[in-house]
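This report concerns only the one structure given below.
Here, each number is a calculation from the coordinates, and none is a lab measurement. Not measured: the values here are computed from a predicted model. When we count neighbours, we look across all protein chains shown, and the Cβ atoms used for this are built from the backbone with ideal geometry, even at glycine.
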Amino acid sequence: MSEAAPVRLLLVDDEASLRQPLADYLVRQGFVVRQAEDAAQARSALIGEAPDLVLLDIMMPGEDGLSLCRHLAEARDLPVILLTARGEPTDRIVGLEIGADDYVVKPFEPRELVARIRSVLRRAARPAAPPEEDAGYEFEGWRLDPLKRRLTDPEGVVVPISSAEFRLLVAFLTHPRQVLDRDRLLDMVQGREAHLFDRAVDNQISRLRRKVERDRSDPRLIQTVWGGGYRLAAEVRRIAPDRP
């Protein structure tokens with residue numbers, strides 16, 4: 001029986017005094033680590049083999065980590081853990097709402113970071129679904145292929161969707177017309193270990209509405225239930241998945 005391939009990490013941080021010792025520690029924990037000192041080097045590294053997860057500093061010269069995080073979440077669908085010295089709730093929310101999977105404040109305990117890496121990878125894992133469970137979803141003319149993570153609008157145009165938006169949409173599609181409060185959405189979408197905030201859920205809802213609502217000021221699909229949470233007000237139909 002062959003051993004599982006080691007997890008590949010891309011560590012992006014302009015502080016060599018932090019980056020190198022952290023990379024050494026992660027290697028000792030069994031990870032394969034590639035380093036980049038800024039966003040430009042990270043983008044170059046991504047041209048080749050994609051990592052399983054990106055550890056990304058926010059404050060860097062040139063393109064900052066938030067900009068790169070948005071690209072990774074929307075265009076590359078890569079799990080991202082942000083590393084930063086800024087620990088204010090607003091800073092965390094901004095990072096999470098643009099697609100980061102977790103947020104670790106410097107200085108941090110390396111063992112905690114390893115635990116968070118493994119937690120994010122577990123949530124991001126997409127095991128092969130049994131034939132009866134790999135169907136897609138159709139709602140109000142929209143289609144979501146969960147295997148390809150591809151969302152298409154009623155005109156057949158593919159709409160980019162981040163990992164967080166995808167998980168949130170699946171939560172609604174698997175519970176249509178049910179009121180889902182913030183606590184339940186947190187558990188379903190990220191897991192409590194992510195230490196998210198209620199406002200982060202609201203911001204992710206807002207981002208998803210930008211993708212699927214015709215009029216964001218008067219949402220008809222993803223409705224707010226005051227004092228209760230949110231509800232997908234649409235009939236959902238399971239459809240055969242797209243095949244290559």
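The calculated FRET efficiency for the pair Glu15 and Arg150, based on their C-beta separation and a Förster distance of 35 Å, comes to about 0.40.
Residues with beta-carbon under 11 Å from that of Leu46, excluding Leu46: net charge, scoring Lys, Arg +1 and Asp, Glu -1? Net charge in that neighbourhood comes out at +2. For the pair Tyr25 and Glu213, the difference between a 0.36 nm per residue extended length and the Cα-Cα distance amounts to 63.1 nm.
Taking a point 7 Å out from the Cα of Ala40 in the direction of its Cβ, the residues of segment 68-85 whose backbone N falls within less than 18 Å of it are 68-69. The label-point distance for Val170 and Arg118, in a model that sets each label 7 Å from Cα toward Cβ, rounds to 2.2 nm. Using the Cβ of Ser217 as centre and a radius below 13 Å, the other residues enclosed give a net charge of +2, where K and R count +1 and D and E count -1. Label point of Asp181 set 7 angstrom out along Cα-Cβ; within segment 201-228, amide nitrogens under 11 Å from it belong to 227-228.
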